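Throughout, read-outs are computed from the coordinates displayed, never taken from laboratory work. No experiment lies behind these values; they were computed from the predicted model shown. Neighbour counts run over all protein chains shown; Cβ positions are idealised from the backbone, glycine included.
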Amino acid sequence: MWIARREENTAKQLLGLDADLCEKQNHGGSSSSGKEAVYNQPFQARSVKLDFPCFDGSEVLQWIFKAEQFFDYYHTPKDQRLTIVTIHMDKDVVPLFQLMLKTNPFQSWSFLLKL
């Protein structure tokens with residue numbers, strides 16, 4: 001008998017919690033303990049800060065892949081991509097890129113990829 005009453009009390013507690021949860025979800029209220037309901041709030045992923053990869057002339061395909069992933073992640077406008085790329089060129093690539101700009105100027109990241 002004691003077990004039956006205990007199970008009945010546990011069932012009532014669970015039903016009460018379930019009803020309380022439904023009330024919070026339907027009305028956005030807070031619990032009686034003063035905690036705010038967070039049941040209807042959308043999932044928020046942590047912000048991730050990605051660094052743009054520097055390019056020194058080595059591992060070209062890997063660098064292009066990482067650059068494209070960066071642009072996709074940040075939804076970088078196409079007209080800003082070439083500027084970001086040129087800022088992150090390093091070592092012997094800088095004078096080579098400057099020479100390319102003087103002899104055959106181009107205006108976009110996609111054009112640079114075709115070279």
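Using θ = phi - 60° in the Karplus curve 6.51 cos²θ - 1.76 cosθ + 1.60, the 3J(HN,Hα) couplings for segment 77-94 round to x, 4, 6, 9, 5, 4, 4, 4, 4, 5, 5, 9, 7, 9, 6, 5, 6, 4 Hz; x is entered for Gly and Pro. Full extension of the chain segment joining Asn104 with Ile84 gains 5.3 nm, where the gain is 0.36 nm per residue of separation less the Cα-Cα distance. Between Tyr74 and Cys54, the simple spin-label model (points 7 angstrom out along Cα→Cβ) gives 1.6 nm. Listed values for segment 63-75 are Karplus-derived 3J(HN,Hα) couplings in whole Hz (6.51 cos²θ - 1.76 cosθ + 1.60, θ = phi - 60°), namely 5, 4, 4, 5, 5, 4, 4, 4, 4, 5, 4, 8, 6, and x replaces Gly and Pro.
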